[in-house]
1. Enumerate by residue number the GluC sites (Glu not before Pro) in region 1-71 meeting two conditions: DSSP loop (anything except H, G, I, E, B), and at most 12 other Cβ atoms within 10 Å of the site's Cβ.
2. Each residue of region 34-42 in turn: what ³J(HN,Hα) in whole Hz from Karplus with 6.51, -1.76, 1.60 and θ = phi - 60°, glycine and Pro shown as x?
3. Give, as ranges by residue number, the residues of region 111-128 whose backbone N falls under 13 Å from the point 7 Å along Cα→Cβ of residue 33.
4. What's the FRET efficiency of residue 153 with residue 50 using the Cβ-Cβ distance as r and R₀ = 35 Å, to the nearest 0.05?
Amino acid sequence: MEAAWEREFREFAEARQRDLRRSAYLLCGDWHEAQDLTQTTLMKLYVTWRRVRRRGDVELEARTILMRTFVDQYRRPRATEEPVREVPEVQAGDAAAPEPELRLVLQAQLMQLPPRYRAVLVLRYWEDWSVEQTAHALRVSTGTVKSHSAKGLSRLRRLIERGEGEVSRR
């Protein structure tokens, strides 16, 4: 028989997995990697579920785990990556946007930013988090969040102006 806390976790995971995967995709730019990042996030959340549930803000904790897991990937060398002869085609995602072409161009340009800038921009402008929430999630100061936001947006604007990272049209 399933415990009440396990049922609550399963319901949360089923309800929020899609949104977590979208955020993960914005961070890493690859749906397969985003799925892995989402699953890792949910596994880490499961381990701490009872404590997190008692504290209250489960959504905030899930996003915090997602961002920290993403940033931590770039702190450690990747021993599991293997080169491939052909790069698989990226499938269109399920993230809806009013202008799909603009979304693709912005996504391509976002991938050119350093991971920390990407994480800050996704939390601040996609997830609509406050400076304080973003700082807490990424374990940095509010000044760092403000600095990364300004520098990240500035770099993104320059990339857009120069047309770098545009999606190729066939």
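Derivation of every value follows stated rules applied to the coordinates shown; laboratory data play no part. Computed from a predicted model, the values in this text were never measured in an experiment. Glycine gets a Cβ as well: all are built from the backbone with ideal geometry, and neighbour counts include every protein chain shown.
1. 2
2. Computed from phi, the couplings for region 34-42 are 5, 5, 4, 4, 5, 5, 4, 4, 5 Hz.
3. Residues 111-116, 118-119 fall inside that zone.
4. After rounding, the FRET efficiency stands at 0.35.
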